[in-house]
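The values are calculated or read from the model by the stated rules, or taken from the named source; none is laboratory data. All figures in this text were calculated on a predicted structure; none of them were measured in a lab. When we count neighbours, we look across all protein chains shown, and the Cβ atoms used for this are built from the backbone with ideal geometry, even at glycine.
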Amino acid sequence: MKNTRYMEKNKMVRRGIKALYRELGPVEAQRFISMTGSAKIDSVKKHREWQDTQEPEKLLKKVAALHDAHQVENRINKKT
C-alpha cells in the first residue's frame with residue numbers, strides 16, 4: 001500500500017483558487033466562492049426551522065429508537 005501525503009492546507013487553498021480563476025475567470029470564481037458559503041448557512045437555517053416544528057418528546061423517542069436499532073444491528077454484525 002502506498003503512503004499518501006497531503007499538501008498543506010494553505011497550499012491546497014491557493015492552488016484551488018488559482019484553478020477557479022483560471023477556469024472560470026475572476027467574476028465567476030468570486031461568485032462560486034460566495035455560493036459555497038451561503039449553501040452551508042442555508043442548510044443550518046433549514047435544519048433549525050425543521051427542529052422548530054418537532055415536538056421534543058417525540059423527537060427524543062425517535063432518536064432513542066434509532067439508537068437502539070443501531071445497537072442491535074452492530075451486535076448482529078459482530079456475530080457474523
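Looking at the range 25-34, is at least one residue modelled with pLDDT under 85, loosely packed, with under 11 Cβ neighbours inside 10 Å and out of contact with any Lys or Arg (no Cβ under 9 Å at 6 or more places or on another chain)? Within the range 25-34 (the criterion being modelled with pLDDT under 85, loosely packed, with under 11 Cβ neighbours inside 10 Å and out of contact with any Lys or Arg (no Cβ under 9 Å at 6 or more places or on another chain)), the answer is yes, since at least one residue qualifies. Contact annotation: residue pairs with Cβ atoms under 9 Å, 6 or more positions apart or on different chains, pairing a residue in the range 3-18 that is under 20 Å from residue 32 (Cβ atoms) with a partner that is surrounded by 10 or more Cβ atoms within 10 Å (Cβ to Cβ) and modelled with pLDDT under 95, are 15/7; 17/29; 17/33.
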